[in-house]
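Below is one structure, written out as structure tokens; comments come after it.
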Amino acid sequence: MKKDKKYTTNKGIPVPNDQASITTGKESSYTMLQDTHLTEKLGHFARERIPERVVHAKGAGAHGYFEVTNDLSKYTRAKFLSKVGKKTEMFVRFSTVGGERGSADAKRDPRGTAMKFYTEEGNYDLVGNNIPIFFIRDAIKFPDFIHTQKRHPQSNLADADMFWDFMSLTPESIHQATFLFTDRGTPLNYRHMHCFSSHTFMWYNEDNDYIWVKYHFKTAQGIETLTNEESIKICGENPDHATEDLFVAIEEGNYPQWDVYVQMMTKEEAKEYKFDPFDVTKVWYHGDYPLIPLGKMVLNRNPENYFAEVEQVAFAPSNFVPGIGPSPDRLLQGRLFSYEDTQRHRLGPNHHQIPINRPKNADVNIYQRDGPMNVSDNGGSKPNYYPNSMNGPEPDETFTPPTIEVDAEINRHTRPTEDVDFVQVGEFWRRVLSDEDKDHLVSNLVGHMGNAQERIQYRQSSLFYKAEPEYGTRVAEGLGLDVNRVKELSEMSQDERVEATKK
Ligand code: NDP
């Protein structure tokens, strides 16, 4: 059938002229309110923007697939992981975290790596970062943490005092703060970086035996980073450089790929591990829990429309499929609420009906009805309550996940800063960073912390010192601080340190 290419209003009414409003005369003249094509056009234009994401506002995305390369199905009943060679459609959105929608891709910031797997058992979302750990381990701190990464309430400027005051008062942040100020905090683009689940998740099999896993997506393009100077230059020259790089690579058929691994820990091992395995400020050492191959992720199709796909895509780590579930990671537990909630705010309670968010390979049979922007058949004449005897959809108990036993002591259990919070940072400095990495880390920190108040510089430098004296000394010397004072502060308890460095 020949498609009608005639321009219409959004009600399908033919538009006779789109270059002139209806006016009272040929020259200067009054415009008629009866020009409903004009009022529809202006009215819709005024409503083009939806609320931008509070975090991860600037992003780029692409379609692709996940393919299983190693059969781990004895550990998880997830059908999309059931056999080697099985492919599952995906949509992936990369982003920065703190900047607004128009901000520069090259800025020092973690990169978000949000993935949607369109499986035959529903959509599974994995919402991670390019850094394997996080700044805080309890979701209650998240809004405060993000405020410190945004703009000062008075000046509307990024503010080093806010940034380092919070970090130094929240010492669990030191591991990711250190990663962020290495050159990995300014990846070359989205293709040349790893993606990590960071959180620990549960995998369970048909017998409801469960284990704990962490996902690692290693870039097949190789890690490449920018120096601080290069990142500043690119921010000015091409604020969209990573968006452009991803789009152009895929247009040219140069499809980026990531090799996917998991680390696995049994529930018995989790009770004994030297670090809390659910604390997202810590990694599991590879020597203790090696990377086990699982599959590969390939991105091979650009979005057809940025807004419809990249802007409207809605991820939530609460979207699990059978065989995968949450862990007692306190930050994850908060995210299970806040992601779905932010999508309800940003896109509305029917955001699952937007094409990019619709399950592509599973049916949706629900008793939810109505709500703004409901563009489905709304369940037609089918029953809208459960239980019913009208042949409505029935729950299937065979999908019941494992029972998790817990000893409960309900309270706001604060987790004080502990010496163990500094161990992995010390290992990172001593075992992983090259001399050049260390030089860049120190100079990046000195450049940024140099804008904070001196008392805050002392507090933060002493935390670096506590992790590794050489690290703290070099930062302190770069800032022109008294290293003996930094050492003294590092030997204090956190409460004493805060008291000694208060305003
Ligand atoms: P290993 O010593 O076995 O391996 C070092 C890890 O660090 C590799 O994953 C390596 O992989 C990554 N790495 C190398 N250079 C850098 C860099 N400049 N910035 C960030 N990451 C880098 O690791 P362990 O498991 O024994 O952990 C030692 C320390 O390494 C940890 O305390 C942690 O700080 C850090 N680390 C650990 C990871 C983990 O999941 N266990 C992951 C990343 C870092 P690659 O170059 O491919 O990224």
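The values are calculated or read from the model by the stated rules, or taken from the named source; none is laboratory data. Everything numeric in this text was worked out from a predicted model, so none of it was measured. Every residue, glycine among them, receives a Cβ derived from its backbone with ideal geometry; neighbour counts consider all protein chains shown. We work out accessible area using only protein heavy atoms, side chains counted, and drop any ligands, DNA or RNA first. Shrake-Rupley method; radii C 1.70, N 1.55, O 1.52, S 1.80 Å.
Show log10 I(q)/I(0) for region 63-205 at q = 0.11, 0.16 Å⁻¹, two decimals, from a solvent-free Debye sum over equal Cα scatterers.
Debye curve over Cα of region 63-205, log10 I(q)/I(0) at q = 0.11, 0.16 Å⁻¹: -0.53, -0.95.
Using alpha-carbon pairs under 8 Å, 6+ residues apart, how would you state the relative contact order of region 420-500 in percent?
Relative contact order of region 420-500: 28 percent.
Of all alpha-carbon pairs in region 158-237, indicate the percentage at a distance above 14 angstrom.
Counting pairs separated by more than 14 Å, the tail of P(r) holds 75 percent.
For region 307-450, with all protein chains present and a 1.4 Å probe, just round the carbon and sulfur fraction of the accessible area to a whole percent.
Values: 4430 of 8730 Å².
Answer for region 307-450: carbon and sulfur cover 51 percent of the accessible area.
On the principal axes of its Cα set, how long, how wide and how thick is region 420-500? Give whole Å, largest value first.
Extents along the principal axes, in whole Å: 35, 29, 18.
Let me have the relative contact order for region 1-48, percent, based on Cα pairs under 8 Å that are six or more residues apart. Please report the intermediate quantities before stating the final value.
Working: 26 pairs, mean separation 11.0, N = 48.
Value for region 1-48: 23 percent.
Do any GluC sites (Glu not before Pro) in region 36-120 lie in a DSSP loop with no more than 15 other beta carbon atoms within 10 Å, and if so, which?
Those that pass, being in a loop and sparsely packed, are E48, E52, E100.
Report, please, the projected area of region 362-443 averaged over directions, based on the convex hull of its C-alpha atoms, in nm².
14.3 nm²
Can you run the Rg to Rh ratio on region 303-422? Use alpha carbon positions and the Kirkwood inverse-distance Rh.
The Rg/Rh ratio comes out at 1.05.
When N counts the residues of region 222-299, how does its alpha-carbon radius of gyration compare numerically with 2.2 N^0.38 Å, as a ratio?
Rg over 2.2 N^0.38 Å, computed on Cα atoms: 1.62.
What are the extents of the Cα atoms of the chain along their three principal axes, in Å, largest first?
80, 69, 47
Taking N as the number of residues in region 122-181, what value does Rg over Cα atoms divided by 2.2 N^0.38 Å take?
Normalised by 2.2 N^0.38 Å, the Cα Rg of region 122-181 equals 1.29.
Considering only DSSP states other than H, G, I, E and B, which chymotrypsin sites (Phe, Trp or Tyr not before Pro) in region 266-310 qualify as loop sites with at most 15 other Cβ atoms within 10 Å?
Answer by residue number: Y285.
Could you work out [θ]222 nm for the chain from helices alone, using -39500 (n - 2.57) per DSSP H run of at least four and dividing by all its residues? Round to the nearest 500 deg cm²/dmol.
Mean residue ellipticity, 222 nm, calculated: -8500 deg cm²/dmol.
Calculate the tail of P(r) for region 1-102: the fraction of all Cα-Cα distances greater than 18 Å, expressed in %. Walk me through the intermediate numbers first.
Values: 3759 of 5151 pairs.
That fraction is 73 percent.
Can you give the accessible area per residue of the chain, in Å², using a 1.4 Å probe?
I get 52 Å² per residue for the chain.
How about region 248-342: which trypsin sites (Lys or Arg not before Pro) there lie in a loop by DSSP and see at most 12 other Cβ atoms within 10 Å?
K274
Determine Rg/Rh for region 1-48; Rg is computed over alpha-carbon atoms and Rh is the Kirkwood hydrodynamic estimate from the same atoms.
That ratio is 1.06, to two decimals.
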